[in-house]
Amino acid sequence: DTVGPFVDTCKKYDKCLFLLAKTSNPGSGELQNLTAGDKLVYQLLGDMAEKLGEGTVGKYGYSLAGAVTGATWPEELKELRARLPHTFFLVPGYGAQGGTAEDVQYAFQENGRGAVVNSSRGIMCAWQKEGIDGQDYAAAARREAIRMRDEIVGRIGRIVLP
C-alpha cells in the first residue's frame, strides 16, 4: 500500500520509478547497511525494486522499477547488479563525490546497458576545476560530460542497440 499506487501510476502512464537502495554519500551505511532479518537494508530495497517490476520487463530487459545505487560503493554495485538483472540503475556519486569509471563499470550489463551515471557537481562546476572564467561554464560542462562519457565507455565498451 505504500509503493503500489506509484507502480500502478507508472504502469498507467508508461513511466518508471526508482527506489533508494545504496546511496553514494559516506554515511549511507548508517541505515542502508543495517541488518533486517538475513539481509542488509540496501539488499532488501534492491530486491523490492526487482519484485515491483515483475511483469513489466520491456524489450531491453528492464522493468519499470529501478534502483539508486551509488558510484562510491563498487562492491555493493557489483553485488546488486548480480542479484537484480531486470532493474535499471541510477548511479549518483560520479566525480565530485569520488566515484570513478572503474567503480561504475559494475552497474552495467552486457553491451553497456542497465545504468545511467549522474555527475551533477562534477559537470556543473567543471569551470572551477579547469580554473576558467565562470562565464564559460557551458563549454567546461560540455568538456567534462564528454570526458566522463569517454572514461566510462572506455571501461564498459560501446553500447550496442538492436
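The values are calculated or read from the model by the stated rules, or taken from the named source; none is laboratory data. Keep in mind that this is a model prediction, so the values were computed, not measured. Backbone-built Cβ (ideal geometry, glycine too); neighbour counts: all protein chains shown. Note: areas computed on protein heavy atoms with side chains; ligands, DNA, RNA excluded. Shrake-Rupley method; radii C 1.70, N 1.55, O 1.52, S 1.80 Å.
Per-structure values
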| quantity | calculated |
| --- | --- |
| Single unsatisfied condition, residue 85 versus (1) within 14 Å of the chain's Cα centre (by Cα); (2) modelled with pLDDT under 95; (3) surrounded by fewer than 22 Cβ atoms within 10 Å (Cβ to Cβ) | (2) |
| Qualifying residue in segment 54-61 (condition: hydroxyl-bearing (Ser, Thr, Tyr), assigned to a loop (DSSP other than H, G, I, E, B), more than 21 Å from residue 120 (Cβ to Cβ) and touching an Asp or Glu at 6+ places or on another chain (Cβ under 6 Å)) | no |
| Total residues in segment 1-34, condition among the β-branched types (Val, Ile, Thr) and assigned to a helix (DSSP H, G or I) | 2 |
| Hits in segment 1-26 - residues which are closer than 24 Å to residue 79 by Cβ and either among the hydrophobic types (A, V, I, L, M, F, W, C) or open to solvent by 30 Å² or more (accessible area, probe 1.4 Å) (or both) | 3, 16, 17, 18, 19, 20, 21, 25, 26 |
| Residues (closer than 18 Å to residue 73 by Cα and acidic (Asp, Glu)) located in segment 103-150 | 103 |
| Failed criterion for residue 79 (all others in (1) over 16 Å from residue 18 (Cβ atoms); (2) out of contact with any strand residue (DSSP E or B) (no Cβ under 7 Å at 6 or more places or on another chain); (3) assigned to a loop (DSSP other than H, G, I, E, B) hold) | (3) |
| Filter result (of a type in the set (A, V, I, L, M) and touching a helix residue (DSSP H, G or I) at 6+ places or on another chain (Cβ under 8 Å)) within segment 80-95 | 80, 84, 91 |
